[in-house]
Amino acid sequence: MGCMVSQLASKFAFFPPSPPTYQLKKRDDGKLTVVSTACPIPHGDDNNSLDVLLVDTKHGNKIVAFYLKNPYARLTLLYSHGNAADLGQLYDLFVQLKVNLRVNLMGYDYSGYGASTGKPSESSTYADIEAIYECLETEYGVSQEDVILYGQSVGSGPTLHLAAKLPRLRGVVLHSGILSGLRVLCHVKFSFCFDIYKNINKIKKVKCPVLVIHGTEDDVVNWLHGNRLWKMARESYEPLWIKGGGHCNLELYPDYIRHLCKFIQEMEKMTTEKRLKKIRQSLNSQSMSNACCSLRTCCTMKCCCRCKLPKCSSCSCINFSLSLNCPDCCRNPISCIKCCRLPKFANCFGSSTCCTKCSRPSCCCCCLPKCSLPCCYPKCGRPSCCMNCFCWQCFMGKHNGRNGKQRG
């Protein structure tokens, strides 16, 4: 039942231009050229910066793609267009983006759009973008570190589908993106099995910077969709909310190309080395916080230090006002107040009070198995990181420390 409803939703979601605004023709040398009724598109002889491709997908469809080359480009933009458009209508926009953003641009028609074969559906658009990305890798040698995915409206679905699978992408642009297909029609708080393009779930898996562009007066996809996608992204870039912008006219506003240029320039400066360094730093900080909360003990006594939580939240603390410094536990020593469980005092008396491996008293409250600090009282073997030990000799005042006789 869910699959039938999903197919029905797909019929209402896709509106390819009919008839298509362009046709493909073969030249004498076997290469493809385009004849468009929407706008003049140069032939291969007139402009060597345009490649017209026919790419096979895993669903058995052949989809049309335009690859526009910029000799000064460092990055490649993979453009997934909106619902009621095809490549013939978008060629002028592609040229402007290629020149102004100084990028190579790959645009494609979904199955059933333009001169692409097959029927449009959610799953077919996923197969389409995967085939185009594979073509970028094999035919043009473009790695994912040099790719920025661009999704407009319905195109945000396949864009986030691919972005969630590629951890080293340079960036993602969501232009009038949707949270899900059903959420465009009505306000629902839950995801249903028959819903399509569940971007609300996939945006959390994207590991690269995400730029969200949305018009405040969008009457097709409400601005709240873009706002929530921006808030849910793991690495959100400064969004562009175009005041008064609708659903299909954001390219006409000067802020659109200006903000996109800023984003592309920052993505160019962000080299792969910097990205990996940032990922390593986040992993190290996470591992350090986990290490501080998984403390070891050398005896029956446990230290409950928390680097970020100075107060104990889980251990059974007694009302004891001793202050304990644990420099082995954290880089910056913190004080643990009322944060220790006292063992049976019988273990702290007698000749077996000190640990034979680290010379720590068995009643010491040390956090780590290795004690790197010097001992304050060499004769009783108390390390400086522990609290007042309960050795009977110290209580009786029979041990001499560095500053003379110690009182118990």
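Odds and ends about this structure:
- Among residues of segment 80-108 being within 13 Å of Val52 (Cβ to Cβ) and hydroxyl-bearing (Ser, Thr, Tyr), the one that is surrounded by the most Cβ atoms within 10 Å (Cβ to Cβ) is Tyr108.
- Residues in segment 219-251 that are under 16 Å from the mean Cα position of the chain (by Cα) and outside any loop (DSSP other than H, G, I, E, B): Arg228, Leu229, Trp230, Lys231, Met232, Ser236.
- Residues satisfying the stated conditions in segment 93-110, i.e. polar (S, T, N, Q) and touching a strand residue (DSSP E or B) at 6+ places or on another chain (Cβ under 6 Å): Asn104
- The residue of segment 61-76 that is surrounded by the fewest Cβ atoms within 10 Å (Cβ to Cβ), among those that are among the hydrophobic types (A, V, I, L, M, F, W, C) and part of a loop (DSSP other than H, G, I, E, B), is Ala73.
- Scanning segment 16-37 for residues that are part of a loop (DSSP other than H, G, I, E, B) and in contact (Cβ under 8 Å) with a residue 12 or more places away in the chain turns up Pro16, Pro17, Pro20, Thr21, Arg27, Lys31, Thr37.
- Considering residues of segment 4-30 that are at pLDDT below 80 and among the small types (Gly, Ala, Ser) only, the residue farthest from Val220 (Cα to Cα): Ser6
- Some residue of segment 74-90 being at pLDDT 95 or above, of a type in the set (Ser, Thr, Tyr), farther than 20 Å from Glu251 by Cβ and under 33 Å from the mean Cα position of the chain (by Cα): no
- Residue match in segment 163-177 (condition: closer than 23 Å to Gly246 by Cα, out of contact with any His (no Cβ under 7 Å at 6 or more places or on another chain) and not in a strand (DSSP E or B)): no
- Residue within segment 57-72 that is modelled with pLDDT under 90, among the hydrophobic types (A, V, I, L, M, F, W, C) and within 30 Å of Cys193 (Cβ to Cβ) present: no
- Single match in Gly107, Gly82, Gly88, Gly112 (criterion: closer than 22 Å to Val220 by Cβ, part of a helix (DSSP H, G or I), among the small types (Gly, Ala, Ser) and touching a residue at least 24 places away in the same chain (Cβ under 8 Å)): Gly88
- Residue satisfying condition, being more than 23 Å from Met270 (Cα to Cα), buried (at least 20 other Cβ atoms within 10 Å of the Cβ), touching a Gly at 6+ places or on another chain (Cβ under 6 Å) and at pLDDT 95 or above, within set Ser111, Ser116: Ser111
- Scope segment 203-221; condition farther than 27 Å from Gln265 by Cβ and crowded, with 20+ Cβ neighbours inside 10 Å; matching residues: Val221
- Sub-7 Å Cβ pairs linking a first residue in segment 232-250 that is farther than 19 Å from Lys205 by Cα to a second residue that is aliphatic (A, V, I, L, M) and at pLDDT below 95, at least 6 apart or interchain, are His247/Val220; His247/Val221, ordered by first then second residue.
- For segment 186-202, the tally of residues that are part of a helix (DSSP H, G or I), touching a residue at least 12 places away in the same chain (Cβ under 8 Å) and surrounded by fewer than 23 Cβ atoms within 10 Å (Cβ to Cβ) stands at 2.
- Test: Val154 is assigned to a helix (DSSP H, G or I) and within 20 Å of Gly246 (Cβ to Cβ): yes
- Arg183 vs. criteria free of Cβ contacts under 8 Å to residues at least 24 places away in the same chain and either more than 17 Å from the chain's Cα centre (by Cα) or in a loop (DSSP other than H, G, I, E, B) (or both): no
- Residue tally, condition within 23 Å of the chain's Cα centre (by Cα) and either modelled with pLDDT under 95 or not aliphatic (A, V, I, L, M) (or both), over segment 129-152: 11
The values are calculated or read from the model by the stated rules, or taken from the named source; none is laboratory data. From a predicted model like this one, the values you see are computed outputs, not experimental measurements. Cβ: placed from backbone, ideal geometry, glycine included. Neighbour counts: every protein chain shown.
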